[in-house]
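Undergrad: Mind having a look at this structure? Questions to follow.
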Amino acid sequence: MEREYNIGQHIVFVDPKGNRRPALVTAWWNDVASSYSFHDPEHPMPGVNLVIVSDDERENDTYGRQIERHTSVVHRTQQPAPGNYWCWPDE
């Protein structure tokens, strides 16, 4: 399936507790010009830097709910743990 690798792209961040959270990409790393495949070890999915909106209701300020940043987050196919990875919304 063709995917778009744009800054601001909607993805899902699965936090360390296994909760799926909507996220936006702030940076792609790896060679995003390459053709990626879910099971191609020669072209693994790229890692990302991303932002999510805090789910803690106490984390509000004059701009609204605060954001959290996560960096160097790997795709679910490169993460053996049950959390702390990104995936596409349809995965």
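The values are calculated or read from the model by the stated rules, or taken from the named source; none is laboratory data. Keep in mind the model is a prediction, meaning the values are calculated, not measured. Counting neighbours? That spans all protein chains shown, and the Cβs are built from the backbone with ideal geometry, glycine included.
Undergrad: If you take the residues of region 42-59 that are under 15 Å from Arg76 (Cβ atoms) and not aliphatic (A, V, I, L, M), which of them is modelled with the highest pLDDT?
TA: Step by step, filter region 42-59, then rank; the result is Gly47.
Undergrad: Next question, about the same structure. State which residue pairs qualify: first residue in contact (Cβ under 8 Å) with a residue 12 or more places away in the chain and among the acidic types (Asp, Glu) and inside region 65-77, second residue part of a strand (DSSP E or B) and surrounded by fewer than 16 Cβ atoms within 10 Å (Cβ to Cβ) in any location, beta carbons under 8 Å apart, and separation of 6 or more residues or different chains.
TA: Short answer, once both residue conditions are applied: Glu68/Val51; Glu68/Val53.
Undergrad: Taking Arg76, is it closer than 18 Å to Gly18 by Cβ and of a type in the set (Lys, Arg)?
TA: Numbers: closer than 18 Å to Gly18 by Cβ: yes; of a type in the set (Lys, Arg): yes.
Yes: the conditions hold for Arg76.
Undergrad: Any residue in region 49-64 that is small (Gly, Ala, Ser) sitting within a Cβ distance under 8 Å of a residue that is outside any loop (DSSP other than H, G, I, E, B)? List the pairs, counting only those 6 or more apart or interchain.
TA: Ser54/Arg65; Ser54/Ile67; Ser54/Glu68
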